[in-house]
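S.K.: Okay, here's the structure, questions in a sec.
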Amino acid sequence: MRIELDRKVCQGHGVCQMTASNLFTLSDEDGLAIQPANPIAEEFQDEGRLASVSCPERALSIVED
Ligand code: SF4
């Protein structure tokens, strides 16, 4: 599984960081989420999916392998 972050859409709410702290941090430079390393490890996939559906801007796309 992969997660694709569209930083043109991201508004830096940080919901992803709150729901998937193992995958997401916000940039100190622009305050937007940082693209997590792909592929997503098995143990973090559930929180990655939760972050994707929780993102208020729909900036996170799940790509299943
Ligand atoms: S929840 Fe969505 S809009 Fe907010 S920081 Fe994360 S990716 Fe960006």
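The values are calculated or read from the model by the stated rules, or taken from the named source; none is laboratory data. Small disclaimer: the values here were computed from a predicted structure and weren't measured. Note that we place each Cβ from the backbone using ideal geometry, even for glycine, and neighbour counts take in every protein chain shown. The accessibility values were calculated without ligands, DNA or RNA, using every heavy atom of the protein model including side chains. Shrake-Rupley method; radii C 1.70, N 1.55, O 1.52, S 1.80 Å.
S.K.: Explain nothing, just the number: relative contact order of the chain, from Cα pairs under 8 Å at least 6 residues apart, as a whole percent.
M.R.: Relative contact order comes out at 49 percent.
S.K.: Quick one: pull the percent of accessible area on the chain belonging to carbon and sulfur, 1.4 Å probe, ligands and nucleic acids left out.
M.R.: Carbon and sulfur atoms account for 49 percent of the accessible area of the chain.
S.K.: For the chain, with every protein chain kept in place, what is the accessible area per residue (1.4 Å probe, Å²)?
M.R.: So the chain comes to 61 Å² accessible per residue, rounded to a whole number.
S.K.: Report the charge-dipole magnitude of the chain in Debye, nearest 20, computed about the Cα centre from +1 at each Lys and Arg Cβ and -1 at each Asp and Glu Cβ.
M.R.: Charge dipole, the chain, about its Cα centre: 220 debye, nearest 20.
S.K.: Something else: Per the helix-only calculation at 222 nm, which mean residue ellipticity applies to the chain, given -39500 (n - 2.57) for every DSSP H run of n ≥ 4 and division by its residues, nearest 500 deg cm²/dmol?
M.R.: -6000 deg cm²/dmol
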